[in-house]
1. With the structure loaded, tell me whether residue 46 is free of Cβ contacts under 8 Å to residues at least 60 places away in the same chain, touching a helix residue (DSSP H, G or I) at 6+ places or on another chain (Cβ under 7 Å) and either within 18 Å of residue 137 (Cβ to Cβ) or buried (at least 20 other Cβ atoms within 10 Å of the Cβ) (or both) or whether it fails that test.
2. Would you check which residues across the range 45-74 are part of a strand (DSSP E or B) and under 26 Å from residue 164 (Cα atoms) and list them?
3. Any chance you could count how many residues in the range 89-117 are more than 15 Å from the chain's Cα centre (by Cα), in a strand (DSSP E or B) and more than 19 Å from residue 194 (Cα to Cα)?
4. So residue 145 passes all but one of these: (1) farther than 28 Å from residue 96 by Cα; (2) without any contact (Cβ under 8 Å) to a residue 40 or more places away in the chain; (3) touching a strand residue (DSSP E or B) at 6+ places or on another chain (Cβ under 8 Å). Which condition number does it fail?
5. Is the range 175-182 home to any residue that is within 22 Å of residue 43 (Cβ to Cβ) and touching a helix residue (DSSP H, G or I) at 6+ places or on another chain (Cβ under 9 Å)?
6. With the requirement that a residue be outside any helix (DSSP H, G or I) and surrounded by fewer than 19 Cβ atoms within 10 Å (Cβ to Cβ), what does the range 75-88 give you?
7. Out of all the residues in the range 128-140, is one or more exposed (fewer than 14 other Cβ atoms within 10 Å of the Cβ), in contact with a strand residue (DSSP E or B) (Cβ under 9 Å, 6 or more places away or on another chain), modelled with pLDDT of 90 or more and part of a strand (DSSP E or B)?
8. State which residue pairs qualify: first residue within 20 Å of residue 24 (Cα to Cα) and inside the range 69-83, second residue assigned to a strand (DSSP E or B) and at pLDDT 90 or above in any location, beta carbons under 7 Å apart, and separation of 6 or more residues or different chains.
């Protein structure tokens, strides 16, 4: 059962939110934000709004065929004092990976360069990389909320002060397409896949 409201948001590059929103990818790679309490990322909220951020995005961290997406994201008009929420996500599965070759196998399933994925793997090397498989939904209507200083900083999770109405949520991908992408990702990682 999907919720009607949400106050928890996960920060992610705006260009990545765009890829999740159009079904180009269903995964996130996370190890933690610079200012996380213990510098370790945890899925403390399995359902959340996708909070697009604009810091640290660089063309050279994206595959060539997705660099234009970043330019479009940066050219879109936006209000600095507002956060626009357009998508909601549920973590369907989290896979922990500690081997670099497995991260390499994920290359076809995301918009980032292999160098970016390697850097995520090597940051805080004692911790495994979390691969979040997300089911993403369109909000019935985009919702703007005022930006507050409390939302700033390099943290992953943000507790939005006001409840955001989700309306009638609509999945970005069909069940079949989502399942196909999940199986492809899990297959390349050597994880068990669904049987039909």
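The values are calculated or read from the model by the stated rules, or taken from the named source; none is laboratory data. Source: prediction; values computed, not measured. Here the Cβ positions follow ideal geometry from the backbone for every residue, glycine too, while neighbour counts run over all protein chains shown.
1. Working: free of Cβ contacts under 8 Å to residues at least 60 places away in the same chain: yes; touching a helix residue (DSSP H, G or I) at 6+ places or on another chain (Cβ under 7 Å): no; either within 18 Å of residue 137 (Cβ to Cβ) or buried (at least 20 other Cβ atoms within 10 Å of the Cβ) (or both): yes.
For residue 46, the condition - free of Cβ contacts under 8 Å to residues at least 60 places away in the same chain, touching a helix residue (DSSP H, G or I) at 6+ places or on another chain (Cβ under 7 Å) and either within 18 Å of residue 137 (Cβ to Cβ) or buried (at least 20 other Cβ atoms within 10 Å of the Cβ) (or both) - is not met.
2. Listed by number, the residues that qualify are 47, 48, 49, 50, 51, 52, 53.
3. The qualifying residues number 1.
4. Looking at each condition in turn, residue 145 falls short on (2).
5. Looking for residues that are within 22 Å of residue 43 (Cβ to Cβ) and touching a helix residue (DSSP H, G or I) at 6+ places or on another chain (Cβ under 9 Å), one finds at least one in the range 175-182, hence yes.
6. Scanning the range 75-88 gives 76, 77, 78, 79, 80, 81, 82, 84, 86.
7. Residues of the range 128-140 that are exposed (fewer than 14 other Cβ atoms within 10 Å of the Cβ), as a first pass: 140.
Those still in the list that are in contact with a strand residue (DSSP E or B) (Cβ under 9 Å, 6 or more places away or on another chain) too: 140.
Those still in the list that are modelled with pLDDT of 90 or more too: 140.
Okay, now just the ones that are also part of a strand (DSSP E or B), so 140.
Yes, the range 128-140 contains a residue that is exposed (fewer than 14 other Cβ atoms within 10 Å of the Cβ), in contact with a strand residue (DSSP E or B) (Cβ under 9 Å, 6 or more places away or on another chain), modelled with pLDDT of 90 or more and part of a strand (DSSP E or B).
8. That search, which allows pairs on different chains as well, returns 70/62.
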